[in-house]
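Encoded as structure tokens, the structure appears first; notes follow it.
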């Protein structure tokens, strides 16, 4: 663990989210003072006990409001941007959050003279992508690089952990439905990465001078198809369910309806994303732009997912043998 200069202040945008809470904890453990910029500080008091008294400060800011973001960054030594959405709703649009919002934070950091910036993007970010999510992520990266050339960009594959929106979502569906859809036949490959490994990468990139200006791709030790991940999830929750292949065209039609259902279980844009494998590139591996390149040993799924998916078993943690 690299030594942190006394009283180093890091502003973390999006620190109350799934990845954010682990990043805040990782930074506090390393000795940073952490200013957590969130839209609703009153809903994030659970973050403060992750550090010593006064070490973690909650600060109201909205990524669409320059004045509040400027106030959140003022006096900081480094900035971390974790803000992201998986689907659009209301004022939360991919362009305003992933592109314009990321550019705003980078511009304000540059104006404050801050060159230590870590920006979370995603594997699959591509300006030519047919997915609005992937397209906006790529534009966000471009905006960040244009303002802060030394910024570190992290591109994780799907992130798993106790509060994730992947295994938890499908396990909840399996509890209620006799079948689960395999969009595109379930052949899309993923490289799930543990949320604590992502948080460790953020902390390491803030302190590691050699990481400056680089783009890292973060994946776990296993590459598996969507079908294999569903089978693994069903094994953990001890339920038998039909896995029904669903062609992309039909899935997109279904998503055009499901996007209006509360919780948005599926959107056409998510279907578009599933047309491309979500794994660490060979180029990133050869250049050491991975977790291993940062000195972090990736954590496998077996060590983690059973510890939180048990609640989807018929009798929770008491269900040791039954398969229903």
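Side notes on the structure shown:
- Among the residues of the range 196-225, the ones that are under 17 Å from residue 309 (Cβ atoms) and without any contact (Cβ under 8 Å) to a residue 60 or more places away in the chain come to 1 in all.
- Extreme residue, surrounded by the fewest Cβ atoms within 10 Å (Cβ to Cβ), among residues of the range 114-127 that are under 15 Å from the mean Cα position of the chain (by Cα) and in a loop (DSSP other than H, G, I, E, B): 124
- Taken as a whole, the condition of being surrounded by 13 or more Cβ atoms within 10 Å (Cβ to Cβ), touching a residue at least 40 places away in the same chain (Cβ under 8 Å) and not in a loop (DSSP other than H, G, I, E, B) applies to residue 309.
- Among the candidates 297, 284, the residue that is surrounded by 14 or more Cβ atoms within 10 Å (Cβ to Cβ), modelled with pLDDT of 95 or more and closer than 27 Å to residue 213 by Cβ is uniquely 284.
- Leading residue by the ranking (farthest from residue 206 (Cα to Cα)) among those in the range 273-300 that are over 16 Å from the mean Cα position of the chain (by Cα) and assigned to a helix (DSSP H, G or I): 282
The values are calculated or read from the model by the stated rules, or taken from the named source; none is laboratory data. Remember, predicted model here, so these are calculated numbers, not experimental data. Note that we place each Cβ from the backbone using ideal geometry, even for glycine, and neighbour counts take in every protein chain shown.
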